[in-house]
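Novice: Supplied in structure tokens, the structure appears directly below.
The values are calculated or read from the model by the stated rules, or taken from the named source; none is laboratory data. Quick caveat, the model's predicted, so the values are computed rather than measured. Positions of Cβ are backbone-derived with ideal geometry, glycine not excepted, and every protein chain shown enters the neighbour counts.
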Amino acid sequence: MCSYCPIVLRYVLAIIFCVIFISACVKESRFEKPFYITKHTDISVVDGPGRYHLTASCESDEQMLGGGYYMPATPSAMDVAATASYPSANDTWTVVFEVADMPAANQLEGNALIGSVYCLTTQDYPISAVVVSETVSPSANAEEISVAVSCPDNSVLTGGGFQTGVSGPDFAYHNADLFASAPTMANNGTANGWQVAAYYFPQDNPKPTTAYAVCATENLVAGPLIIDDLDYTTLPSAWELASPSAECPRVVCTTAGGYSLIGDLWLPRQASSSGSRSQFLVWQNEVIFGYQTTNYPDFRPCDPSVNPNCAKTSAFAACVEIPDIPFVSVKILQPNHDQSFGGVSPDNISTAPITFVAEGFDEDGDPLTGTSLQWSINGVSIGTGETITTAIQATPDAVSQVWVRVTATGDSTSTYDQVRLLVGTID
């Protein structure tokens, strides 16, 4: 009998889910030109109460823009809260999850916790980002605090977040006491900083709370700050799961967004995820929040006709114009992806000569030729140029997959294209 198999199965299912969740946004590009923002993640699987510290970093040739997080989004998962999601270094985004030591916490075992960092995938288009932060240390009897930080003049907000701590026994039920972590708006309608707000209960021990903003000081142009309100009084239940999101216009993108939970702060609430989706078009939050209906007239009833903001939550997306980055491009024109090539007689140990054709362009749009185009088969170099002809080794009585890649190198950047070929013969 395998006593640990259920635990292993939960881990495997969590990892499969994470792979699907993370890769879902790369199936088809919504951009006419190459898009140079990517996401890296750090994943942990819940195995009991405690602190889960996740760090996701940009690669050495990338520049950090912002970050976000994900954790389970169900009413049974309210024993976990994100107490931090912030830039811990100039290339690293850190997320801290706290799983409460509560009887129901074992229902979380096997669930995935994810921290993400969003990166510009070139150093040749410097944004010279700076991180600014501000910390508020509340008094012991504080009920509500707010901390805000502003980007430098003429800079562009690309990321923002928070850091706080466990303040009381019900911290997870109340989203680590936070009810807002979102961009702030300038007079011209763009994002200009970050604000974090918290609401505490009498038994809580308020913790220092920090607001962070990542600000690009060159080469980026701010788009609008989009705010989308979800009115809970239009939903069938006064307390439930919802996914408020803010969508940027199609010609801009977002790597900085957040939430504001405006309803009854005494009810259990949670922002279980806050991150960029749909190839950085949308900032989406997964939240559990609610309000007291007028069926409870003696206990803070929400009457939207009197107070239209008593049962709402908001999603924020700080949009940025998609940069037009000079970059190398390359495409394999021949053969086609997944084209088949059989072995030739008498022994079928290789194909007939195959001609490979590619076209590439440098940062100025001029054609690349000669050694600027490097070909390889399964990682082994086979030559250079726009056109190259070679046979490929085949396995008799079998079909194998072969990857053919061409790498284009320009003045300061490089990229590649590749196709998969099916090689061999089955009698």
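Novice: Looking only at residues that are hydroxyl-bearing (Ser, Thr, Tyr) and within 22 Å of GLN195 (Cβ to Cβ) in the range 88-116, which one is surrounded by the fewest Cβ atoms within 10 Å (Cβ to Cβ)?
Specialist: SER88
Novice: What do you reckon, is GLN374 within 21 Å of ASP124 (Cβ to Cβ) and without any contact (Cβ under 8 Å) to a residue 40 or more places away in the chain?
Specialist: yes
Novice: Shifting gears a bit: Pairs please, first residue from the range 245-263 and assigned by TED's automatic domain parsing to the domain that holds ASN307 and under 8 Å from LEU281 (Cα atoms), second anywhere and among the basic types (Lys, Arg) and surrounded by 24 or more Cβ atoms within 10 Å (Cβ to Cβ), Cβ atoms under 8 Å, 6+ apart in sequence or on different chains.
Specialist: Here the result reads none, with nothing in the range 245-263 linked to a residue that is among the basic types (Lys, Arg) and surrounded by 24 or more Cβ atoms within 10 Å (Cβ to Cβ).
Novice: Over 24 Å from the mean Cα position of the chain (by Cα) and on the phi > 0 side of the Ramachandran plot: which single residue out of ASN106, ASN154, ASN175 fits that description?
Specialist: Exactly one of ASN106, ASN154, ASN175 is over 24 Å from the mean Cα position of the chain (by Cα) and on the phi > 0 side of the Ramachandran plot, namely ASN154.
Novice: How many residues does the range 252-276 contain that are assigned to a loop (DSSP other than H, G, I, E, B) and under 19 Å from the mean Cα position of the chain (by Cα)?
Specialist: 0
Novice: Quick check on the range 153-171. Is at least one of its residues part of a strand (DSSP E or B), in contact with a Phe, Trp or Tyr (Cβ under 8 Å, 6 or more places away or on another chain), among the small types (Gly, Ala, Ser) and modelled with pLDDT under 95?
Specialist: So far as the range 153-171 goes, no, none of its residues is part of a strand (DSSP E or B), in contact with a Phe, Trp or Tyr (Cβ under 8 Å, 6 or more places away or on another chain), among the small types (Gly, Ala, Ser) and modelled with pLDDT under 95.
Novice: Identify, from the list ILE262, ILE288, the residue that is in contact with a Leu (Cβ under 7 Å, 6 or more places away or on another chain), buried (at least 17 other Cβ atoms within 10 Å of the Cβ) and not charged (D, E, K, R). I'd like the intermediate steps shown before the answer.
Specialist: Working: ILE262 fails: in contact with a Leu (Cβ under 7 Å, 6 or more places away or on another chain).
Exactly one of ILE262, ILE288 is in contact with a Leu (Cβ under 7 Å, 6 or more places away or on another chain), buried (at least 17 other Cβ atoms within 10 Å of the Cβ) and not charged (D, E, K, R), namely ILE288.
Novice: Now a separate question. Does GLY159 qualify as being in the same structural domain as SER273 (by TED's automatic domain parsing) and within 24 Å of ALA186 (Cβ to Cβ)?
Specialist: yes
Novice: Taking the residues in the range 304-317 that are surrounded by 15 or more Cβ atoms within 10 Å (Cβ to Cβ) and more than 24 Å from THR255 (Cα to Cα) as candidates, determine which candidate is farthest from the chain's Cα centre (by Cα).
Specialist: Per the stated criteria, the residue is PRO304.
Novice: With THR158, THR233 as the choices, which residue is of a type in the set (Val, Ile, Thr) and within 24 Å of CYS302 (Cα to Cα)? Show your work before the answer.
Specialist: On the way: THR158 fails: within 24 Å of CYS302 (Cα to Cα).
The unique qualifying residue is THR233.
Novice: Which members of the range 339-358 meet the condition of being more than 21 Å from GLY385 (Cβ to Cβ) and modelled with pLDDT under 90?
Specialist: GLY342, GLY343, VAL344, SER345, PRO346, ASP347, ASN348, ILE349, SER350
Novice: Out of everything in the range 382-396 that is touching a residue at least 24 places away in the same chain (Cβ under 8 Å) and assigned to a strand (DSSP E or B), what residue ends up being farthest from VAL328 (Cα to Cα)?
Specialist: PRO396
Novice: Same structure, new question: Limited to the range 362-381, what total is found for residues that are surrounded by 16 or more Cβ atoms within 10 Å (Cβ to Cβ) and either β-branched (Val, Ile, Thr) or part of a strand (DSSP E or B) (or both)?
Specialist: The total comes to 6.
Novice: Search the range 53-73 for residues being surrounded by fewer than 20 Cβ atoms within 10 Å (Cβ to Cβ) and modelled with pLDDT of 95 or more, and hand back the single one that is farthest from LEU157 (Cα to Cα).
Specialist: Out of the qualifying residues, it is HIS53.
Novice: Any idea how many residues of the range 74-87 are surrounded by fewer than 19 Cβ atoms within 10 Å (Cβ to Cβ) and small (Gly, Ala, Ser)? Can you show your working first?
Specialist: From the range 74-87, those surrounded by fewer than 19 Cβ atoms within 10 Å (Cβ to Cβ) are 74-76; that's our starting set.
Applying the additional criterion that residues be small (Gly, Ala, Ser) yields 76.
The number of residues fulfilling the criteria is 1.
Novice: Tell me the residue from ASP347, ASP362, ASP411, ASP417 that is among the charged types (D, E, K, R) and touching a helix residue (DSSP H, G or I) at 6+ places or on another chain (Cβ under 8 Å), please.
Specialist: ASP362
Novice: Name the residue, out of VAL399, VAL320, that is aliphatic (A, V, I, L, M), surrounded by 12 or more Cβ atoms within 10 Å (Cβ to Cβ) and either assigned to a loop (DSSP other than H, G, I, E, B) or modelled with pLDDT of 90 or more (or both).
Specialist: Going through VAL399, VAL320 in turn, the sole match is VAL320.
Novice: Is it true that GLY189 is outside any strand (DSSP E or B) and either outside the structural domain of THR55 (by TED's automatic domain parsing) or closer than 25 Å to GLN284 by Cβ (or both)?
Specialist: In short, yes.
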